1. Within the bounds of the stretch 452-469, is there any residue that is within 29 Å of the chain's Cα centre (by Cα) and not small (Gly, Ala, Ser)?
2. Could you say whether any residue in the stretch 283-292 is within 13 Å of VAL356 (Cα to Cα) and in contact (Cβ under 8 Å) with a residue 12 or more places away in the chain?
3. In the set LEU305, LEU315, LEU357, which member is touching a Cys at 6+ places or on another chain (Cβ under 9 Å), surrounded by 13 or more Cβ atoms within 10 Å (Cβ to Cβ) and not in a loop (DSSP other than H, G, I, E, B)?
4. Among (1) more than 19 Å from ALA380 (Cβ to Cβ); (2) surrounded by 15 or more Cβ atoms within 10 Å (Cβ to Cβ), where does LEU451 come up short?
5. Please go through the stretch 401-431 and give me each residue that is more than 22 Å from GLY135 (Cα to Cα) and of a type in the set (Asp, Glu), ordered by number.
6. Out of ALA236, ALA231, ALA310, which single residue is without any contact (Cβ under 8 Å) to a residue 60 or more places away in the chain and of a type in the set (A, V, I, L, M, F, W, C)?
7. Is it fair to say GLU303 is assigned by TED's automatic domain parsing to the domain that holds GLY249 and more than 30 Å from the chain's Cα centre (by Cα)?
8. So which residues in the stretch 241-254 are touching a Ser or Thr at 6+ places or on another chain (Cβ under 6 Å) and over 14 Å from SER336 (Cβ atoms), if there are any at all?
Amino acid sequence: MTLLGSGRMLEILEKQKRAFREGGAPDISARKDRLRRAIGMLTSFQDRIVEAAQSDFGTRPVFLSKAAEVLSGVGALGGALAGIDEWVKPEERPLVPGTAGPGARAEIHYQPLGTVGVIAPWNAPFMLSVSPLAGIFAAGNSAMIKPSEFAPASAELLAEMVAQFFDETEVAVFTGGADVSAAFSGLPFDHLMFTGSIRTAKLVMKAAAENLVPVTLELGGKSPVIIGEGADIELAALRIVHGKLLNSGQICISPDYVYVPEAKVKPFVEACLKAAAQLYPSMAGNGDYTSMINEQHYLRILELLKDAKARGAQLVEANPAREDFGDAALRKLPLSIVTNVNDDMKVMQEEIFGPVLPIKPYGEIGEAIRYVNDQPNPLAVYYFGNDEAETSLVIERTRSGNIAINDVLAQGMRDEIPYGGVGASGMGAYKGIDGFRNFSHAKPVFYQTDLEAALQPMRPPYTPEALGFIEGLLSQDGPAA
């Protein structure tokens, strides 16, 4: 990237910051207008969004692109539009009795940060670029977006869309390769959101730290599924395989591996093969079955399978039409179910991000929970079963960004609940009111009492009565007792 390109990003950032300083925070009407324009942008460009996704992936179903890239964004923006009037209201905080004078009160005012940078990945290029704007706009911020260079058609279209619907003081898009991303990460934003790999997140966070820029990181990881003893194996297999093969596994909360009771491994594998055949009677020539994003990623998945097989794993392909997947130009791979796995295999060390499903047996559910907790915290944990005690055990004993019971991916589709990681899977969260607050500064405001007599005992010279008041509070179980 040229210095001119880097300078252009800094120029736009300063332009946004200057507009914020001179014009003040956008009022509610202006924020709603931005949200409405973003909705109009997605709906008016929906057919070209589908075309761009098809160009980047090679094969990607129209249904998936409209649902994931358009409808999800419209839903997030519409939810912010519906909720903003309540979200922006000052939040009253009750004061501890006996510690403030009559009439004193405290509030939290949610104020915009300024300019939020968004670095988006390739697997859902429009959804993960535009959906965060729901919280960013609702909070009164402007934005700068760096889409992934691995989805170039989508990135160029996003830049065109944003330029048509927004002034660059509101939103600006910058395309380009890793050098642009590196320069973007080092800009003095008021907040920076990154979605992607742990390795890249470390570089982004290091660059942001140079300017003390707070970050939201959504990183993924190996999201496990635990099948309970009493789970409906057929139903669990159908829902897991559906989630695993959606976008061919190229989703950050895709089920990565499955823990199954020892006696049910074989029935579960058979149920997965049946589910794959039901959902995709054919795959290689099926327009509903997504390709790998590029040759590098395609070859990476093949290498994971090769490594697993060389280390003793057993591989079963779900290929109901017995198709030939030898045409590398298609970049398609059938579902591979991997059993007899161990932790020396790359497939159990790396986030898979493809149509590969390792299966691990367990003797008792505590074994599965301990294994999950011994790994870096995943973005999601999934549990199938109807035993309340077992369900509570999995919820309470595992640590992950989010959890879904008796389904996969569903929690990530809800704008009413926060979406984000913990530990190795990220920090911060967005969506709904939580996104609004994530991209706001929660400013405490304290209103002191007008009664000077109520405050006088707290000032020197300190009287025995004032000391007695303090000692009285200390003799209780705290001031609130």
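The values are calculated or read from the model by the stated rules, or taken from the named source; none is laboratory data. None of these values were measured; they are calculated from a predicted model. All Cβ positions, glycine included, derive from the backbone under ideal geometry; neighbour counts span all protein chains shown.
1. If we filter the stretch 452-469 for residues that are within 29 Å of the chain's Cα centre (by Cα), which is where we start, we get none.
No, because not a single residue in the stretch 452-469 is within 29 Å of the chain's Cα centre (by Cα) and not small (Gly, Ala, Ser).
2. Within the stretch 283-292, the first condition is being within 13 Å of VAL356 (Cα to Cα), and the residues that meet it are 292.
Subsequent filtering for residues that are in contact (Cβ under 8 Å) with a residue 12 or more places away in the chain retains 292.
Looking for residues that are within 13 Å of VAL356 (Cα to Cα) and in contact (Cβ under 8 Å) with a residue 12 or more places away in the chain, one finds at least one in the stretch 283-292, hence yes.
3. Working: LEU305 fails: touching a Cys at 6+ places or on another chain (Cβ under 9 Å); LEU315 fails: touching a Cys at 6+ places or on another chain (Cβ under 9 Å).
Every option except LEU357 fails the conditions.
4. For LEU451, the failing item is (2).
5. Across the stretch 401-431, the qualifying residue is only ASP407.
6. Values: ALA236 fails: without any contact (Cβ under 8 Å) to a residue 60 or more places away in the chain; ALA231 fails: without any contact (Cβ under 8 Å) to a residue 60 or more places away in the chain.
Checking each option against the conditions leaves just ALA310.
7. Values: assigned by TED's automatic domain parsing to the domain that holds GLY249: yes; more than 30 Å from the chain's Cα centre (by Cα): no.
No, not satisfied.
8. If the condition is that a residue be touching a Ser or Thr at 6+ places or on another chain (Cβ under 6 Å) and over 14 Å from SER336 (Cβ atoms), then ASN247, ILE253 are the ones that fit.
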